[in-house]
Amino acid sequence: MAARGRKPSFEELALKSLSTPYNAAHHRFAVLIACITFCLLVAGALVTSNDAGLSVPDWPTSFGSLYKIPRWVGGVRYEHSHRMVAEFVGLLTIILAVWTWRADKRRWMKWLGVAALGTVIAQGVLGGLTVLFYLPPAISTSHAAVGQTFFCIACAIALFTGRGWVEDAPQTAMDTQRPTLITLTLLSIFVLYVQLVLGAMFRHHGMSWWPHVLNAPIVAIVLTWTAIRAMTQYSKIEAVQRPAILMLGLLITQLCLGFLAFTTRVAWGKDAVQPETAMIASTVAHVAVGALLLAATVILAIQVWRHVPVAHEEKVPGAEPKAVAA
């Protein structure tokens with residue numbers, strides 16, 4: 001900020017010209033897309049949990065039509081409703097990408113909107129390929145992973161367009177410990193993605209259950225370490241505190257749901273002729289909370305990057321080493 005009575009410098013004027021004003025409508029639209037995308041993930045989990053993936057046997061048409069709604073009987077109700085929600089999310093993402101490109105002055109936000117559009121297109125193509133190639137585990141797993149990636153991008157756009165991000169000056173505190181908190185958050189995202197892939201491979205019959213179960217303690221340790229570090233060291237930075245608390249709460253919930261899903265689907269339901277209600281409910285809840293957990297971890301990483309810069313020692317001849325922001 002320029003001091004009162006002093007003419008702003010060229011750099012200050014340039015930064016001011018690159019800033020973007022808070023746009024309430026744009027932000028609410030981004031939040032809407034994130035919420036509907038979460039519903040899309042739940043709809044997709046219902047398709048998989050009910051073994052309804054090939055209930056509509058063609059793509060991009062549904063029983064030979066692009067616009068006719070088929071009779072919602074059996075698994076068709078899950079598969080076709082999933083497609084309808086996906087098409088709606090795709091349409092909204094096109095609008096968001098164009099709106100962001102035209103209304104947001106931040107260049108990186110423009111390209112983030114383009115990335116969201118590219119991701120949702122890739123998600124749609126992968127969903128179609130799962131049908132055309134009769135549910136191959138590799139493509140179905142990629143479909144699941146890209147879907148949750150798009151959800152994280154949608155949540156990030158909602159964060160970046162919010163009033164707190166656009167208008168408030170970030171409260172910062174240097175991180176002098178090793179490993180750094182940003183390293184822990186990135187590690188948390190990595191182990192969650194590994195767990196996501198292992199779980200999706202198991203659900204789509206491409207792998208046994210034991211790698212997914214064995215990786216769960218690693219996820220629990222890394223995420224607990226990250227959350228406690230964030231909550232204890234940076235308790236005064238609300239932007240870091242809130243996603244850390246949410247992440248820890250979702251982690252505990254996810255572990256309980258994972259145990260329930262394993263019990264109902266593997267221990268009790270392994271010989272079931274068709275998916276039972278307990279199996280479906282526990283699995284869908286497990287997938288839904290897992291998506292929220294991944295998104296909360298991504299938001300925490302973003303907030304840590306903004307509010308907790310990494311410090312390094314600056315050595316000055318004849319003086320004690322001093323920690324400065326990297």
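Some points to look at:
- Scope region 174-197; condition in a loop (DSSP other than H, G, I, E, B) and surrounded by fewer than 16 Cβ atoms within 10 Å (Cβ to Cβ); matching residues: MET174, THR176, GLN177, ARG178, PRO179
- Selection within region 25-41 - hydrophobic (A, V, I, L, M, F, W, C) and without any contact (Cβ under 8 Å) to a residue 40 or more places away in the chain: ALA25, CYS35
- Any chance VAL56 is touching a strand residue (DSSP E or B) at 6+ places or on another chain (Cβ under 8 Å) and outside any helix (DSSP H, G or I): yes
- Taken together, ARG71, ARG6, ARG83 contain a single residue that is within 30 Å of ALA278 (Cα to Cα), modelled with pLDDT under 95 and charged (D, E, K, R), which is ARG71.
- Within region 238-271, being closer than 19 Å to VAL287 by Cα and either among the β-branched types (Val, Ile, Thr) or not assigned by TED's automatic domain parsing to the domain that holds ILE299 (or both) holds for ILE252, THR253, THR263, THR264, VAL266.
- In this structure, TRP101 does satisfy being assigned to a helix (DSSP H, G or I) and surrounded by fewer than 17 Cβ atoms within 10 Å (Cβ to Cβ).
- Residue satisfying all of: in region 304-325; modelled with pLDDT of 55 or more and not in a loop (DSSP other than H, G, I, E, B); surrounded by the fewest Cβ atoms within 10 Å (Cβ to Cβ) among these: ALA325
- Which numbered condition ASP51 misses (of (1) more than 26 Å from LEU117 (Cα to Cα); (2) surrounded by 20 or more Cβ atoms within 10 Å (Cβ to Cβ); (3) acidic (Asp, Glu)): (2)
- Scan of region 128-144 for residues that are hydroxyl-bearing (Ser, Thr, Tyr), touching a residue at least 60 places away in the same chain (Cβ under 8 Å) and part of a helix (DSSP H, G or I), ordered by number: THR130, SER140, THR141
- Number of residues in region 27-48 that are closer than 20 Å to THR277 by Cβ and small (Gly, Ala, Ser) equals 3.
- Taking the numbered list (1) more than 21 Å from VAL298 (Cβ to Cβ); (2) without any contact (Cβ under 8 Å) to a residue 60 or more places away in the chain; (3) assigned to a helix (DSSP H, G or I) in turn, ALA116 passes all entries but (1).
- First in region 60-76 and touching a residue at least 40 places away in the same chain (Cβ under 8 Å), second anywhere and among the aliphatic types (A, V, I, L, M) and assigned to a loop (DSSP other than H, G, I, E, B), Cβ under 8 Å, 6 or more apart: PRO60/LEU66
- Being within 26 Å of PHE190 (Cβ to Cβ), of a type outside the set (Asp, Glu) and not in a loop (DSSP other than H, G, I, E, B) is a description that applies to VAL125.
- Just one of (1) more than 20 Å from LEU159 (Cα to Cα); (2) within 18 Å of the chain's Cα centre (by Cα) fails for SER49. It is (2).
- Residues in region 270-303 that are in a loop (DSSP other than H, G, I, E, B) and under 13 Å from ARG203 (Cβ atoms): PRO275 alone.
The values are calculated or read from the model by the stated rules, or taken from the named source; none is laboratory data. Remember, it's a predicted structure, so these values are computed and weren't measured experimentally. Note that we place each Cβ from the backbone using ideal geometry, even for glycine, and neighbour counts take in every protein chain shown.
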